[in-house]
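Notes follow the structure.
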Amino acid sequence: MTTMDTPAPASARSQPLAPGTLAIVVRLGLIACIGVLLSSLSPGFATTDNLLNILRQASLLFLVASGLTLVIIGGGLDLSIGANLTLCACLSAAAIKSTGQPAAGIVVALGCGALVGLTNGVLINRVKIPPFLATFGMLWVAQGIAYWFMAGQVVYGFSPAFRFFGSGFWLGIPLPIWVMLVTGACGVIFLSRTTIGREVYLMGANEAAAVLSGIPVARRRTLLYVVSGLMAGLAALIYVARLNAAEPGIGEPLLLPAIAAVLVGGTSLFGGSGSLVGTLLGAIILTLIVNALNLLNVSASWHPFVTGVIVVVAVLADAAVNRGARR
Amino acid sequence: MKTRHLRRIGLISVVACGLAASPAFAAGEVIAAFTKNQVDPHFEGVRAGVEQMAKKMGATVRQYVPTKPNNITEGMSQLEDVGVTKPNLVLFMPIDPKAQLPTIKRLIESGTPVLNYNDKAGDAPYLAFVGQDDYKLGYDIAKTLFDHLGGKGNVVILEGIKGSNTGDERKRGFDAALKEYPNIKLLASQPANFQRLLGLQVMENLIQQFSDINGVIAAADASALGAAEALKSAGRGNVPVVSINGVPEAVEAVKNGSLLAIAEFNGFKIGCVATEIGLKAIRGEVVPKRVVIPGAVITKANHTEWLVPYQQRTCPAAAEYVGQ
């Protein structure tokens, strides 16, 4: 892992970042617009408590979406993250319950996540199944194991020591936000400051060129899926610690929002471009929408519609700005 | 030639014996029981009830559950599967009543008896409907909370899935109770889709907006448990939360005071009674067209009955509920 510290050539570093910066500005603008609108409409919005509340809610979505972002930038796709989260949450919850050791749960969750990710990598590299199908298959496998393992039951009730991980505070800031910031920062450094990170962009933009320039594409790809799996495992821990329960239906509803967070964040589904900061903003935007709808007490019938419109607006704004920048 | 004939006869008799040994030709009837998912313990209760009553009455059960929760495509193909395998009795609950009605009608026309249970599945010649009144459950539990609050205070509602029969009927019940209590103010009514995470997050959001919430009504246990977590970590664990269903985890929460009360939506009883009524109907007995099982309000005072695991409960007799 000595390459981790090697700075990338200056030209390679600045090239994919320039349009990325613009995309981030657009998203910050969108968040600011929603924020200004909301604070004028609702007294409960612009408070420190609510901002921390939004960030804490966004952290779970970000963790799931962050690994996915790396995979998508590298030209792949990981549909198994939701089911992976479910499986890791159920297994680790059971491990904590039976041993009484939070550490056992942490080991099980991260191990389970990495193993599912590794299986994805092997299916894609060795068995040559396209990422969509391989990870779609793993979705069912992980979900199936979770159903079988739980047999319709819910595992609940954990020690305060473990729950601190999800519901505790450090320096006045909820722990999940710290986890989000630390993993996000590691990811940003990995993508922009390491050779492997730069190789990931090249792999996603043009795989043939990446192979020709001597990048071990298969190994890099496996790494990305393992990281994605690890993130799902980490998110599972936060989930269990926050909600004090694990049941086999928890991860599935997170898959589409995670994909949406990545896309709203400006990462191209075709690979080769995008950023984790964008995904962070995407996760915040999606969380903000639900927060706004709740605070304004908008009728349930309108929720899907409003969410859809804002996602489309975010993507359109991005496209328009990109077109403008190219001219 | 003779040996070949003999061999064929041998083969046919082996196949015939195989068929006879398969459940479709065994003494008892075959029941195809549909449930919506493997996630919600409620349906675990339904399946346990069906199994117990079927065993008692000498029938065998094939469970049909979509691998993906409430997946309509899978639900449809399982219905088509039943159209081919022709069980003696189908116990059916819809995932999407409108989409599944034509297939169900065709199934009934082709001679397969179908009993509708748990959720109403639209207008078709079913043997009977066995279920509970979601409107009444919503009404009863809302009243329980309002009475607990002394008839005045501010409440929020965590709705189910908009457009689902269960969610909408329960909401209608909440609203009806609200009308009877002029001093209860509804601060907000937001969807939590029967989910735990949404229950938590929606509650966290509402706490930001309203500092004076006196009570919470949730359309299902999972959302209520999520909301109770949110209230607890905001230091408002004393705000009473009520819900509908009564899965063991939630009943334990009633026991330790995290939830105030639950309106009982009892999958186990529904499974038992539906099986009994259905089997009696296909055995030629006259059965009531509609059996509505009343739901108790589960509180700290009476909760022990619902802490018993489904497998260890005993089916009630359908006669208890007929004519109610």
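Conditions first: (1) buried (at least 24 other Cβ atoms within 10 Å of the Cβ); (2) modelled with pLDDT under 95. A:I24 passes all but one, so which condition is the exception?
Among (1) buried (at least 24 other Cβ atoms within 10 Å of the Cβ); (2) modelled with pLDDT under 95, the lone unmet condition for A:I24 is (1).
Scan B:N205, B:N193 and give me the residue that is surrounded by 22 or more Cβ atoms within 10 Å (Cβ to Cβ), on the phi > 0 side of the Ramachandran plot and within 12 Å of another protein chain (Cβ to nearest Cβ).
B:N193
Can you tell me how many residues within the stretch B:52-65 are touching a residue at least 40 places away in the same chain (Cβ under 8 Å), surrounded by fewer than 21 Cβ atoms within 10 Å (Cβ to Cβ) and within 30 Å of A:Q143 (Cα to Cα)?
Of the residues in that region, 1 qualify.
Taking A:L202 as the residue in question, decide whether it is over 20 Å from the mean Cα position of the chain (by Cα), in contact (Cβ under 8 Å) with a residue 60 or more places away in the chain and closer than 24 Å to A:L123 by Cα.
Numbers: over 20 Å from the mean Cα position of the chain (by Cα): yes; in contact (Cβ under 8 Å) with a residue 60 or more places away in the chain: yes; closer than 24 Å to A:L123 by Cα: yes.
Spelling it out, A:L202 is indeed over 20 Å from the mean Cα position of the chain (by Cα), in contact (Cβ under 8 Å) with a residue 60 or more places away in the chain and closer than 24 Å to A:L123 by Cα.
Got a sec? Which of B:A227, B:A263, B:A222 is surrounded by 20 or more Cβ atoms within 10 Å (Cβ to Cβ) and modelled with pLDDT under 95? First the steps, then the outcome.
Values: B:A227 fails: modelled with pLDDT under 95; B:A263 fails: modelled with pLDDT under 95.
Answer to the check: B:A222.
Kindly provide the set of residues from the stretch A:150-162 that are within 11 Å of chain B (Cβ to nearest Cβ) and in a helix (DSSP H, G or I), ordered by number. Outline the logic, then answer.
Within the stretch A:150-162, the subset within 11 Å of chain B (Cβ to nearest Cβ) is A:150-157.
Within the stretch A:150-162, A:M150 is the sole residue that qualifies.
For the stretch B:231-249, give me each residue that is buried (at least 24 other Cβ atoms within 10 Å of the Cβ) and modelled with pLDDT under 95.
The initial filter retains those residues of the stretch B:231-249 that are buried (at least 24 other Cβ atoms within 10 Å of the Cβ), namely B:241-247.
Of everything in the stretch B:231-249, those that are buried (at least 24 other Cβ atoms within 10 Å of the Cβ) and modelled with pLDDT under 95 turn out to be B:N245, B:G246, B:V247.
Run down B:P316, B:P294 and say which single residue is assigned to a loop (DSSP other than H, G, I, E, B), in contact (Cβ under 8 Å) with a residue 60 or more places away in the chain and surrounded by fewer than 19 Cβ atoms within 10 Å (Cβ to Cβ).
Working: B:P316 fails: in contact (Cβ under 8 Å) with a residue 60 or more places away in the chain.
Every option except B:P294 fails the conditions.
Run A:L255 past the list (1) surrounded by fewer than 24 Cβ atoms within 10 Å (Cβ to Cβ); (2) within 14 Å of chain B (Cβ to nearest Cβ); (3) assigned to a loop (DSSP other than H, G, I, E, B); (4) not acidic (D, E) and report the number of the one that doesn't hold.
(3)
Any chance the stretch A:191-202 includes a residue that's among the charged types (D, E, K, R) and crowded, with 18+ Cβ neighbours inside 10 Å?
Restricting attention to the stretch A:191-202, the residues satisfying the condition of being among the charged types (D, E, K, R) are A:193, A:198-199.
Pick out the ones that are also crowded, with 18+ Cβ neighbours inside 10 Å and you get A:198-199.
For the stretch A:191-202, residues among the charged types (D, E, K, R) and crowded, with 18+ Cβ neighbours inside 10 Å: present.
Applying the selection to the stretch B:83-105, what residues are crowded, with 20+ Cβ neighbours inside 10 Å and touching a strand residue (DSSP E or B) at 6+ places or on another chain (Cβ under 7 Å)?
Start the filter on the stretch B:83-105 by keeping residues that are crowded, with 20+ Cβ neighbours inside 10 Å, which leaves B:87, B:89-95, B:100, B:104.
The answer is B:P87, B:L89, B:V90, B:L91, B:F92, B:M93, B:I104.
Inside the stretch A:287-319, can you point out the residues that are in contact (Cβ under 8 Å) with a residue 40 or more places away in the chain and outside any helix (DSSP H, G or I)?
If the condition is that a residue be in contact (Cβ under 8 Å) with a residue 40 or more places away in the chain and outside any helix (DSSP H, G or I), then A:L296 is the only one that fits.
Quick check on this structure: which one of B:G160, B:G138, B:G173 is surrounded by 21 or more Cβ atoms within 10 Å (Cβ to Cβ), of a type outside the set (A, V, I, L, M, F, W, C), within 14 Å of chain A (Cβ to nearest Cβ) and more than 30 Å from B:V286 (Cβ to Cβ)?
On the way: B:G138 fails: within 14 Å of chain A (Cβ to nearest Cβ); B:G173 fails: within 14 Å of chain A (Cβ to nearest Cβ).
That would be B:G160, the only listed residue that is surrounded by 21 or more Cβ atoms within 10 Å (Cβ to Cβ), of a type outside the set (A, V, I, L, M, F, W, C), within 14 Å of chain A (Cβ to nearest Cβ) and more than 30 Å from B:V286 (Cβ to Cβ).
Keeping to the stretch A:196-252, report how many residues are assigned to a helix (DSSP H, G or I) and more than 16 Å from A:T119 (Cβ to Cβ).
The number of residues fulfilling the criteria is 29.
Hey, could you check the stretch B:176-190 for residues that are more than 8 Å from chain A (Cβ to nearest Cβ) and surrounded by 16 or more Cβ atoms within 10 Å (Cβ to Cβ) and say which is nearest to B:V155 (Cα to Cα)? Let's see the steps before the verdict.
Looking only at the stretch B:176-190, we keep the residues that are more than 8 Å from chain A (Cβ to nearest Cβ), and these are B:176-186.
Now drop any that are not surrounded by 16 or more Cβ atoms within 10 Å (Cβ to Cβ), which leaves B:177-178, B:181, B:184.
Values: B:A177: 12, B:L178: 10, B:Y181: 12, B:I184: 7 Å.
Looking at residues that are more than 8 Å from chain A (Cβ to nearest Cβ) and surrounded by 16 or more Cβ atoms within 10 Å (Cβ to Cβ), I get B:I184.
Determine which member of the set A:G166, A:G187, A:G121 is at pLDDT below 90, in a helix (DSSP H, G or I) and either among the charged types (D, E, K, R) or buried (at least 21 other Cβ atoms within 10 Å of the Cβ) (or both).
Values: A:G187 fails: at pLDDT below 90; A:G121 fails: at pLDDT below 90.
The conditions single out A:G166.
With over 21 Å from A:L255 (Cα atoms), surrounded by 12 or more Cβ atoms within 10 Å (Cβ to Cβ) and at pLDDT 80 or above as the only criterion, which of A:L316, A:L295 stands out?
Working: A:L316 fails: surrounded by 12 or more Cβ atoms within 10 Å (Cβ to Cβ).
Selected residue: A:L295, the only one of A:L316, A:L295 that is over 21 Å from A:L255 (Cα atoms), surrounded by 12 or more Cβ atoms within 10 Å (Cβ to Cβ) and at pLDDT 80 or above.
Is one or more of the residues making up the stretch B:263-271 within 14 Å of chain A (Cβ to nearest Cβ) and small (G, A, S)?
Keep residues of the stretch B:263-271 that are within 14 Å of chain A (Cβ to nearest Cβ), which gives B:267-268, B:271.
Then drop every residue that is not small (G, A, S), which leaves B:267, B:271.
So far as the stretch B:263-271 goes, yes, one or more of its residues are within 14 Å of chain A (Cβ to nearest Cβ) and small (G, A, S).
Is it the case that B:E80 is without any contact (Cβ under 8 Å) to a residue 40 or more places away in the chain, surrounded by fewer than 17 Cβ atoms within 10 Å (Cβ to Cβ) and either touching a strand residue (DSSP E or B) at 6+ places or on another chain (Cβ under 8 Å) or not in a loop (DSSP other than H, G, I, E, B) (or both)? If you could, list the steps in order and put the result at the bottom.
Numbers: without any contact (Cβ under 8 Å) to a residue 40 or more places away in the chain: yes; surrounded by fewer than 17 Cβ atoms within 10 Å (Cβ to Cβ): yes; either touching a strand residue (DSSP E or B) at 6+ places or on another chain (Cβ under 8 Å) or not in a loop (DSSP other than H, G, I, E, B) (or both): yes.
So B:E80 fits the description; yes.
Which one of A:G282, A:G265 is more than 14 Å from chain B (Cβ to nearest Cβ) and within 18 Å of A:L224 (Cβ to Cβ)? Step through it out loud before you land on a result.
On the way: A:G282 fails: within 18 Å of A:L224 (Cβ to Cβ).
On inspection, the qualifying residue turns out to be A:G265.
So, in the stretch A:117-151, of the ones that are aromatic (F, W, Y) and under 22 Å from the mean Cα position of the chain (by Cα), which residue ends up farthest from A:G76 (Cα to Cα)? It would help to see each step written out before you state the result.
Here is the first cut: in the stretch A:117-151, the ones aromatic (F, W, Y) are A:132, A:136, A:140, A:147-149.
Narrowing further to those that are under 22 Å from the mean Cα position of the chain (by Cα): A:132, A:136, A:140.
On the way: A:F132: 8, A:F136: 12, A:W140: 18 Å.
Applying the filter and picking the extreme gives A:W140.
The values are calculated or read from the model by the stated rules, or taken from the named source; none is laboratory data. From a predicted model like this one, the values you see are computed outputs, not experimental measurements. Please note: Cβ atoms are built from the backbone with ideal geometry, for glycine as well, and neighbour counts cover all protein chains shown.
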